[in-house]
Amino acid sequence: MKTAISSIAGYLPSKIITNDDLSKTLDTTHEWIFDRTGIEQRHLVSDGEFASDLGIIAAKKALEQINFDPSNIDAIIVSTTTSDRRFPSCAARIQGELQANRAFAFDVAAACAGFIYTIAIADSMMKSRQLQNVLLVCCETLSLFVDWTDRSTCVLFGDGAGALLLNAAEDDSPSGLVATKLYTDGSPEKYNSILSHNGPQNDNRGYTTMMGRAVFKYAIENMSASMHEILTENNMTLNDIDWIIPHQANRRILESLCKMKNFPLEKMIITTQDHANTSSASIPLAMCRAIENGRIKKGQTILMTALGAGLVYGSAIIKY
């Protein structure tokens with residue numbers, strides 16, 4: 001069996017905060033933020049709006065694209081590091097709101113690499129012939145977990161969601177997931193300091209901390225290495241790739257990655273400027289945008305790569 005994409009949709013909340021807006025409360029400017037990150041604006045949830053709310057909207061859009069009956073969904077796998085509450089899961093709420101009554105549902109916490117992890121999990125389960133139709137949802141509300149007085153982190157993040165409906169296709173199908181490759185580096189110096197979520201803050205949720213230079217270097221080196229390994233293991237090179245869709249953390253990281261791999265920047269999908277770092281939602285949001293504007297077409301081969309706190313990272317190759 002092969003895992004294929006039936007539909008894909010994204011959702012960004014309506015509230016927009018520009019760099020100029022941030023400059024009114026922080027010691028920063030639009031130029032300072034854009035020069036270092038390539039970010040121009042980010043979308044934020046409103047009061048009372050949480051990760052599952054975004055995921056529900058994105059999921060409904062994905063199902064409506066192909067008029068798919070939620071009762072035919074076998075499983076719902078949700079990637080989020082900003083769940084509404086510790087329990088029950090975001091996935092359970094999404095399952096209930098969609099009335100996908102025969103689907104089992106669970107969350108995956110793999111930070112910004114969550115999309116790569118969830119599609120790998122879905123692919124394994126579908127290849128074992130346990131499942132026919134799987135809904136993947138990546139929904140993140142990082143704005144609720146940052147210190148808005150810390151310009152080194154708060155300018156980087158935004159909220160959003162992406163959803164994909166996957167179906168099991170036969171091996172001879174022209175489209176489908178080719179391969180995934182996952183990694184974790186939980187060594188103490190990485191797990192505890194480079195990129196993590198600490199507290200307490202006023203509401204006891206904690207906040208995101210980051211050693212920017214260390215993350216920058218580690219991301220380039222290890223995203224590059226994971227891309228090389230997945231291509232090599234599948235007897236492919238970058239010449240076989242039509243598009244790279246990376247995790248949209250920082251445009252400067254993506255530019256450096258292209259330079260290191262000698263890959264044309266114009267063949268990398270970049271949407272960081274419009275929604276900042278939306279964690280695991282960033283790859284599906286970028287892919288959705290590129291399909292909508294006609295850049296990604298049926299039959300093209302896409303290499304995806306991401307790195308997040310943990311540190312967790314990985315890559316995937318899919319024939320769209």
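Brief remarks follow.
- Residue in the range 280-295 that is within 24 Å of N19 (Cβ to Cβ), in a loop (DSSP other than H, G, I, E, B) and without any contact (Cβ under 8 Å) to a residue 12 or more places away in the chain present: yes
- Count of the range 176-196 residues which are over 30 Å from K2 (Cα atoms) and either surrounded by 17 or more Cβ atoms within 10 Å (Cβ to Cβ) or of a type in the set (S, T, N, Q) (or both): 7
- Every condition in (1) more than 30 Å from A51 (Cβ to Cβ); (2) without any contact (Cβ under 8 Å) to a residue 40 or more places away in the chain holds for I269 except the one numbered (1).
- Within the range 219-272, being over 22 Å from Q41 (Cβ atoms), part of a strand (DSSP E or B) and in contact with a Leu (Cβ under 6 Å, 6 or more places away or on another chain) holds for one residue alone: I244.
- Candidate set from the range 176-190 (those that are part of a strand (DSSP E or B) and touching a helix residue (DSSP H, G or I) at 6+ places or on another chain (Cβ under 8 Å)); member that is nearest to A62 (Cα to Cα): L177
- The combined condition, being outside the structural domain of S14 (by TED's automatic domain parsing) and of a type outside the set (F, W, Y), is not fulfilled by L165.
- Residue tally, condition touching a strand residue (DSSP E or B) at 6+ places or on another chain (Cβ under 6 Å) and part of a helix (DSSP H, G or I), over the range 35-58: 5
- Selection status of I116, in contact with a Phe, Trp or Tyr (Cβ under 9 Å, 6 or more places away or on another chain), at pLDDT 95 or above, within 25 Å of T184 (Cβ to Cβ) and buried (at least 19 other Cβ atoms within 10 Å of the Cβ): yes
- Close contacts from the range 25-48, counting a first residue that is over 26 Å from L257 (Cβ atoms) and outside the structural domain of H247 (by TED's automatic domain parsing) and a second that is basic (K, R) and crowded, with 16+ Cβ neighbours inside 10 Å, with Cβ to Cβ under 7 Å and a gap of 6+ residues or different chains, come to L26/R151; D27/R151.
- Positions within the range 30-62 being hydrophobic (A, V, I, L, M, F, W, C) and under 19 Å from the mean Cα position of the chain (by Cα), in sequence order: I39, L44, V45, F50, A51, L54, I56, I57, A58, A59, A62
- Tally of residues being surrounded by 19 or more Cβ atoms within 10 Å (Cβ to Cβ) and either touching a Pro at 6+ places or on another chain (Cβ under 9 Å) or part of a loop (DSSP other than H, G, I, E, B) (or both) across the range 59-73: 3
- Positions within the range 161-175 being part of a loop (DSSP other than H, G, I, E, B) and surrounded by 14 or more Cβ atoms within 10 Å (Cβ to Cβ), in sequence order: S173, S175
The values are calculated or read from the model by the stated rules, or taken from the named source; none is laboratory data. These numbers were taken from a predicted model, which means no experiment stands behind them. Methodologically, a virtual Cβ is constructed for each residue, glycine included, from the backbone with ideal geometry; neighbour enumeration extends over all protein chains shown.
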